[in-house]
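A short write-up of the structure that comes next.
The values are calculated or read from the model by the stated rules, or taken from the named source; none is laboratory data. Just so we're clear, the structure is a prediction, and the values are computed from it rather than from any experiment. Positions of Cβ are generated from backbone atoms using ideal geometry, with glycine treated the same way; all protein chains shown enter the neighbour counts. Surface areas here come from the heavy atoms of the whole protein model, side chains and all, with no ligands, DNA or RNA. Shrake-Rupley method; radii C 1.70, N 1.55, O 1.52, S 1.80 Å.
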Amino acid sequence: MTGATDISWRAYRRKVVPIKKQTVLATFGCLLHDIGKIVYRAGTASGTHSEAGYKFLQSVWEVKDAAPVFSAIRYHHSDALRRAALEPDDIAY
């Protein structure tokens, strides 16, 4: 099918719903915040699942500007967040 109905998702997103970079990063943080549970249950990590997920993703994900995602994963529990020295606009909040 071609014509008006043949719209790519990227073109649609750019024209209809522009998404801010911080929103995309926060979304990734939300989706991946418990990835450490998988690493922890696989028996390849020690400590909290938050720290395990943070360390695991840092070792395998080479995405430019991914630090906010790592921060959201590492500090997604309130006790870790209280001890963290984060900027007021950090997405972990």
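In table form, for the structure just shown:
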| read-out | value |
| --- | --- |
| Boolean, Ser46 is under 23 Å from Arg83 (Cα atoms), touching a helix residue (DSSP H, G or I) at 6+ places or on another chain (Cβ under 6 Å) and among the polar types (S, T, N, Q) | no |
| Members of segment 69-83 that are open to solvent by 40 Å² or more (accessible area, probe 1.4 Å) and either within 12 Å of Ala26 (Cα to Cα) or more than 14 Å from the chain's Cα centre (by Cα) (or both) | His76, His77, Ser78, Asp79, Arg82, Arg83 |
| Tyr54 being assigned to a helix (DSSP H, G or I), over 17 Å from Ala72 (Cα atoms) and either touching a Phe, Trp or Tyr at 6+ places or on another chain (Cβ under 7 Å) or of a type outside the set (Gly, Ala, Ser) (or both) | no |
| Extreme residue, nearest to Phe70 (Cα to Cα), among residues of segment 32-46 that are among the small types (Gly, Ala, Ser) and at pLDDT 85 or above | Gly36 |
